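Notes follow the structure.
The values are calculated or read from the model by the stated rules, or taken from the named source; none is laboratory data. Everything quoted here is computed from the prediction, not taken from an experiment. Methodologically, a virtual Cβ is constructed for each residue, glycine included, from the backbone with ideal geometry; neighbour enumeration extends over all protein chains shown. The accessibility values were calculated without ligands, DNA or RNA, using every heavy atom of the protein model including side chains. Shrake-Rupley method; radii C 1.70, N 1.55, O 1.52, S 1.80 Å.
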Amino acid sequence: MKIGYVQSHPIFGDKESNFKEIGKLIAGKKMDLMVLPELFSTGYAFISKEEAETLAEEKNGPTAEFLQEVAKKINGMVVGGFAEKSGSKLYNSAMMVKEEGVLSVYRKIHLYYKEKLWFQPGNLPLRVVEGNGIKIGMMICFDWIFPETMRTLSLLGADVIAHPANLVLPYCQKAMTTRCLENRVHAITANRIGLEKRGDDQFLFTGKSQITSIDGSILSSAPENEVHVDIVEINVKKARNKKLNEFNDLFKDRRPEFYKF
Ligand code: ACM
């Protein structure tokens, strides 16, 4: 299986130009699964709930249509982040899309910093959805710092964690090596680059998108401040065997009766 990511440089509020940038970056690329950053079509640094609402979309909006086109072009599945409007509520969401339409939506359960002012915390269960023979679990950016997120997706049978991100802290890439190793799962962290200076805040996004293998090895690492696309070949089925050696199976050896919280 070929899996990959796009590390883009979104312009705040300019969906058309953000779609165009991705279109150029993926020209001629084919893969089974591709991950795009968190909020790749809108940018990150909202300054009010009203502003977030103006840029948010229902799950079948222009971002979903764009991702369907992308899925067709790459001949695979695509996961990307978007600002989701559902009734009067907004969520920081990701969708998994194939050419025919949206397969699944995930709403970020662990909101970072002022996201809490515009978005509701996710209210949908963590899920694993199969597409193109790959069992895919979605999580978004700051979800990484809660080990329960990847543990749950892995216990649900994920082969690959699709991880759209807008990282501003320097810890995630290193942490993902442990997250992948302890769960024997692959992960695609698709980060963005660039600076967003809006209202009282300034965010410098840290690039270094990463594909991490089941033994914690890094299969792809993007530059810190350039747009980038990469594709690697993996055997997804390796994630279905949790045996570390003849005596230890990382999931069968768990002792949940001792884990109180
Ligand atoms: C983040 O969760 N976007 C830092």
message: Taking the conditions exactly as written (touching a helix residue (DSSP H, G or I) at 6+ places or on another chain (Cβ under 9 Å), part of a loop (DSSP other than H, G, I, E, B) and open to solvent by less than 20 Å² (accessible area, probe 1.4 Å)), does L90 satisfy them or not?
response: no
query: Within the set of pairs 6+ apart or on separate chains, which have a first residue in the range 135-150 that is at pLDDT below 95, a second that is more than 16 Å from the ligand (Cβ to nearest atom), and C-beta atoms under 8 Å apart?
result: none
- request: Could you check how many residues of the range 90-111 are closer than 22 Å to F146 by Cβ and more than 16 Å from the ligand (Cβ to nearest atom)?
  value: 4
Residues (assigned to a loop (DSSP other than H, G, I, E, B), of a type in the set (A, V, I, L, M) and either closer than 27 Å to E53 by Cα or in contact with a Leu (Cβ under 7 Å, 6 or more places away or on another chain) (or both)) located in the range 2-41: I11, L36, L39
task: Determine if the range 30-43 includes at least one residue that is open to solvent by 10 Å² or more (accessible area, probe 1.4 Å) and within 20 Å of C141 (Cβ to Cβ).
output: no
task: Check off (1) in contact (Cβ under 8 Å) with a residue 60 or more places away in the chain; (2) within 16 Å of the ligand (Cβ to nearest atom) for L250 and give me the number that stays unchecked.
output: (2)
statement: Scanning the range 112-159 residue by residue, the ones that are of a type in the set (A, V, I, L, M) and surrounded by fewer than 13 Cβ atoms within 10 Å (Cβ to Cβ) total 2
- line: In the range 94-104, residues that are crowded, with 21+ Cβ neighbours inside 10 Å, in contact (Cβ under 8 Å) with a residue 40 or more places away in the chain and in contact with a Lys or Arg (Cβ under 8 Å, 6 or more places away or on another chain) total 1
query: Counting only residues that are surrounded by 13 or more Cβ atoms within 10 Å (Cβ to Cβ), part of a loop (DSSP other than H, G, I, E, B) and touching a residue at least 40 places away in the same chain (Cβ under 8 Å), how many does the range 209-243 have?
result: 5
Residue within the range 185-193 that is in a helix (DSSP H, G or I), open to solvent by less than 30 Å² (accessible area, probe 1.4 Å), within 14 Å of the ligand (Cβ to nearest atom) and under 23 Å from K116 (Cα atoms) present: no
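Here is a yes/no grid of residues against (1) under 22 Å from V129 (Cα atoms); (2) more than 15 Å from the chain's Cα centre (by Cα):
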site: V6; (1), (2): yes, no
site: K24; (1), (2): no, yes
site: A27; (1), (2): no, yes
site: D32; (1), (2): yes, yes
site: L36; (1), (2): yes, no
site: E57; (1), (2): no, yes
site: F66; (1), (2): yes, yes
site: M77; (1), (2): yes, no
site: S88; (1), (2): no, yes
message: Report every pair of residues separated by at least 6 positions or lying on different chains whose Cβ atoms are under 6 Å apart, first residue within the range 12-27 and of a type in the set (V, I, T), second in a loop (DSSP other than H, G, I, E, B).
response: I22/S8
query: (1) of a type in the set (F, W, Y); (2) within 16 Å of the ligand (Cβ to nearest atom); (3) not in a loop (DSSP other than H, G, I, E, B): which one isn't true of F66, the others all being true?
result: (2)
message: The conditions are (1) part of a helix (DSSP H, G or I); (2) buried (at least 24 other Cβ atoms within 10 Å of the Cβ), and V78 fails exactly one of them. Which is it?
response: (1)
